[in-house]
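First comes the structure, then the notes that go with it.
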Amino acid sequence: MNSYDVAIIGSGPGGYVAAIRCAQLGMKTAIIEKYSTLGGTCLNVGCIPSKALLDSSHHYEDAVKHFEEHGIDIPGDIKVNLKQMIARKQSVVDQTTGGIDFLMKKNKIDVYEGLGSFKDATHITIKGKETTEIEAKNIIIATGSKPSSLPFITLDKERVITSTEALKLTEIPKHLVVIGGGVIGLELGQVYKRLGSEVTVVEYMDRIIPTMDSGLSKELNKVLKKQKFTINTSHKVKSVERKGKEVIVKADNKKGEEVIIKGDYCLVSVGRRPYTDGLNVEAAGVKLTDRGQIEVNDHLQTNVKNIYAIGDVVKGAMLAHKAEEEGVFVAEILAGQKPHIDYNLIPGVVYTWPEVASVGKTEEQLQEEKVDYKVGQFPMRALGRSRASMDLDGFVKILADKKTDEILGVHMVGARAADMIAEAVVAMEFRASAEDVSRMSHAHPTFTEAIKEAALAATEDRALHI
Ligand code: FAD
Ligand code: NAD
């Protein structure tokens with residue numbers, strides 16, 4: 001039987017990054033993955049394929065709607081070749097997952113293909129083509145998450161689908177009904193909207209992206225409506241029925257009236273659930289929370305001393321970069337180091353266009369915590385860069401402590417907000433004040449000038465270009 005210092009179950013961004021860091025720190029490392037490709041949800045059916053389709057559909061939309069204004073004439077009709085779009089997405093996925101194979105080999109990590117199941121706290125049975133057993137001093141559970149649904153919905157995976165199927169459709173829906181106005185619903189909704197689908201979003205809460213700062217929800221809602229999305233907030237879905245090629249969604253609106261929405265596809269994107277099926281945690285004595293997550297302490301250690309858990313299968317935001325930080329964190333703990341993660345500084349991004357990005361506290365949180373704060377906000381449309389690229393929607397909002405001027409939260413909607421948020425993370429990591437940021441030179445013309453201007457607005461209400 002092969003013995004390891006550490007064995008990791010699951011090869012998503014949590015698991016594979018943990019494996020690399022463990023190997024870097026000199027541990028004999030194994031990783032177990034039930035699928036034939038590494039990379040987990042993120043690389044196979046999550047972050048990477050969704051961004052590939054967002055990019056392709058964005059190019060198409062630009063060609064159809066904006067090229068002419070830019071002075072680019074394309075003779076003949078511009079058409080979507082969905083088969084090629086999906087094939088390109090798959091080749092991006094294949095290259096990316098192939099890269100993880102390379103990284104495993106480079107770091108001398110043993111890869112086992114098969115379902116990992118605890119035999120006891122130090123032994124894992126792997127059921128693949130053959131059944132193998134390995135032994136490990138320490139084990140990291142990184143089994144991730146799967147789409148969740150509603151009790152009355154039958155996911156037939158043909159027309160009533162999750163994100164996984166939405167990433168490989170063979171036709172463009174005529175009318176896509178999206179249940180859940182969160183990240184997946186809006187990102188994938190926008191892909192198909194750009195390709196020509198009618199898109200109706202049905203959201204239970206009173207605003208889309210309800211966990212983010214409400215200013216972002218409002219701005220994104222406004223922009224998506226301009227893009228001809230139908231958005232029904234405060235709607236409680238009560239049934240989803242498939243009749244041949246039709247999907248009928250019934251919901252109650254705020255007034256309690258029944259609303260019937262008929263489409264040809266329904267994307268159910270109401271969140272994801274931690275995944276521990278087949279893991280047999282009971283055999284190791286590992287406890288779950290009442291939400292089905294693996295219960296961990298502040299060191300991401302389970303109730304069993306040598307077993308840790310990271311990523312989507314534990315509490316916290318279900319984000320690839322959060323899982324990665326936790327993978328590094330546990331590896332360093334195992335090596336006797338004292339790592340730290342500031343969960344307040346894990347940014348959140350929605351890759352619609354305009355993009356939405358956020359870090360730190362929202363206004364709602366600061367109000368709830370009774371923090372005295374000030375706001376500096378700057379509209380993207382006031383930037384030369386925005387006019388040059390015709391990306392006028394959105395704003396940057398900086399929340400800073402009223403007394404100390406320390407930046408407490410940064411929230412933005414706009415072109416390239418996903419990349420711009422990194423500046424806010426750096427600033428907050430070093431506990432910068434709004435004035436610190438306002439005094440730093442920002443290249444002109446760039447979208448990041450909106451961050452400097454918002455910082456100026458927060459410091460002394462002296463934005464320059466508005
Ligand atoms: P996962 O990536 O889910 O990996 C877990 C792995 O464990 C899987 O490969 C699974 O097969 C394997 N596994 C499970 N049980 C066993 C077992 N018993 N034995 C062996 N193997 C097992 N996050 C972002 O930060 N940015 C984005 O842009 C983004 N976009 C997304 C888009 C979509 C459509 C979806 C669905 C998710 C997206 N996410 C995004 C979320 C992101 O994918 C997850 O947060 C991330 O993948 C979690 O990483 P993880 O390592 O915890 O788990
Ligand atoms: P989510 O939590 O972002 O959104 C789910 C939405 O569904 C929420 O707005 C919620 O209020 C709504 N909802 C819940 N029950 C409902 C009901 N009965 N009727 C109508 N609406 C209902 O979840 P998601 O979009 O499914 O994404 C799952 C996870 O994947 C998220 O945690 C997210 O962090 C991650 N993800 C991240 C990215 C990214 O970082 N860009 C992209 C995709 C997914």
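Since every read-out is calculated from the coordinates, none of them should be taken as a lab result. None of these values were measured; they are calculated from a predicted model. In this analysis, Cβ positions are derived from the backbone assuming ideal geometry, glycine residues included, and neighbour counts consider all displayed protein chains.
Count Lys and Arg as plus one, Asp and Glu as minus one, and take only other residues whose Cβ is under 12 Å from that of GLN24; the net charge is then +2. Based on C-alpha pairs under 8 angstrom that are at least 6 apart in sequence, the chain has a relative contact order of 15 percent.
FRET efficiency for the pair LYS305 and ILE341, taken as 1/(1 + (r/R0)^6) with r the Cβ-Cβ distance and R0 = 25 Å, rounds to 0.75. The distance linking segment 268-344 with segment 49-102 is 35 Å (Cα centroid to Cα centroid, whole angstrom). Neighbours of GLY196 by Cβ distance under 15 Å: Lys/Arg scored +1, Asp/Glu scored -1, total 0. Which loop-located trypsin sites (Lys or Arg not before Pro) does segment 175-271 contain, where loop means any DSSP state but H, G, I, E or B and the Cβ has at most 12 other Cβ atoms within 10 Å? Taking segment 175-271 and a limit of 12 other Cβ atoms within 10 Å, the loop trypsin sites (Lys or Arg not before Pro) found are LYS228, LYS245, LYS254, LYS255.
FRET efficiency for the pair ASP419 and GLN24, taken as 1/(1 + (r/R0)^6) with r the Cβ-Cβ distance and R0 = 41 Å, rounds to 0.90. Between HIS58 and ASP120, the C-beta separation translates, for a Förster distance of 45 Å, into a calculated FRET efficiency of about 0.35. Restricting to DSSP loop positions (anything but H, G, I, E, B) with no more than 12 other Cβ atoms inside 10 Å of their own Cβ, which GluC sites (Glu not before Pro) remain in segment 119-222? Sites meeting the loop and neighbour criteria: GLU130, GLU158, GLU171.
Using 0.36 nm per residue and subtracting the Cα-Cα separation, the extra length available between LYS65 and GLN365 on full extension is 104.1 nm.
Taking a ≥ b ≥ c as the square roots of the eigenvalues of the Cα gyration tensor of segment 142-257, is the shape rounded (a/c under 1.5), prolate (a/b larger than b/c) or oblate? Taking the square roots of the gyration eigenvalues as a ≥ b ≥ c, segment 142-257 is rounded.
Length gained on full extension, LYS129 to ASP156, computed as 0.36 nm times the residue gap minus the Cα-Cα distance: 6.9 nm. To the nearest 20 Debye, how big is the dipole of segment 1-127 about its Cα centre, given +1 on the beta carbon of each Lys and Arg and -1 on that of each Asp and Glu? Once rounded to the nearest 20, the dipole reads 640 debye. Figure legend: label point modelled 7 angstrom from the Cα of LYS137 along Cα→Cβ; residues of segment 304-334 with amide N under 17 Å from it are 305-308, 330-334.
What is the sum of charges, Lys and Arg at +1 and Asp and Glu at -1, for the other residues whose Cβ falls under 13 Å from the Cβ of LYS83? Net charge around LYS83: +3.
Full extension of the chain between GLU295 and ASP277 yields a length gain of 4.9 nm, computed as 0.36 nm times the residue separation minus the alpha carbon distance. Each Cα pair under 8 Å and six or more residues apart adds its sequence gap; the mean of these over the residue count of segment 160-270 is a relative contact order of 35 percent.
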